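Report on the following structure.
The values are calculated or read from the model by the stated rules, or taken from the named source; none is laboratory data. Note that the coordinates shown come from a computational prediction; the quantities given were computed from them, not determined experimentally. Counting neighbours? That spans all protein chains shown, and the Cβs are built from the backbone with ideal geometry, glycine included.
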Amino acid sequence: MSEGDMLATTLADIRRRLADLQVEYDRLSEEVGKLRLAERSLAAIVEGTPLKEAVAGLQAGDAAGDSAPRSGRGRGSRGPRANSAKGRLRALLESAGPQGLSQAEITRRLPDVAPNTLASYLSVMVSNGEALRRGDFITLPARSPASGAEGAEPDDEDDAPAGERDA
């Protein structure tokens, strides 16, 4: 194996591990937020303080940084549909970097999504220009700072397969 191949393999491995850790970090951050809300709510009940003050304090703390990764990515106050298959696929491709991921790697990282569903979403995303196919790898196109149209998609396109959207 040449040194260039070894470096490329190492880079791909580092990117894969980074993406895996980012997914886990996001999941844990969301869980911590839920636990903080529960803790503040229960503390307000036990200590007899008004619930609005406890929750307002938590929201002010969130605005300082806890929810920063989620802000500015999507659908107004609701946030992105991160729990939809296409939303998770898009987030996975965003975290993959410029090299992208192979379809087998995507299937491995999204085991709860049927392979045919992933193949359909990837095909539609490539056809619509939302994703690029580079050999065996699929990646998102580079975004220019002026485009900023991340939340410009219609809401109903995230969960419906291509045939159902057009009907």
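So here's what we get for this one:
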| item | result |
| --- | --- |
| Helices (runs of 4 or more DSSP H) wholly inside the range 51-167 that include at least 3 residues being under 19 Å from A19 (Cα atoms), hydrophobic (A, V, I, L, M, F, W, C) and at pLDDT 85 or above | 85-95 |
| Subset of the range 4-20 [without any contact (Cβ under 8 Å) to a residue 24 or more places away in the chain and under 14 Å from G97 (Cα atoms)] | A8, D13, I14, R17 |
| Meets criteria (modelled with pLDDT under 80 and under 30 Å from A96 (Cα atoms)) for M1 | yes |
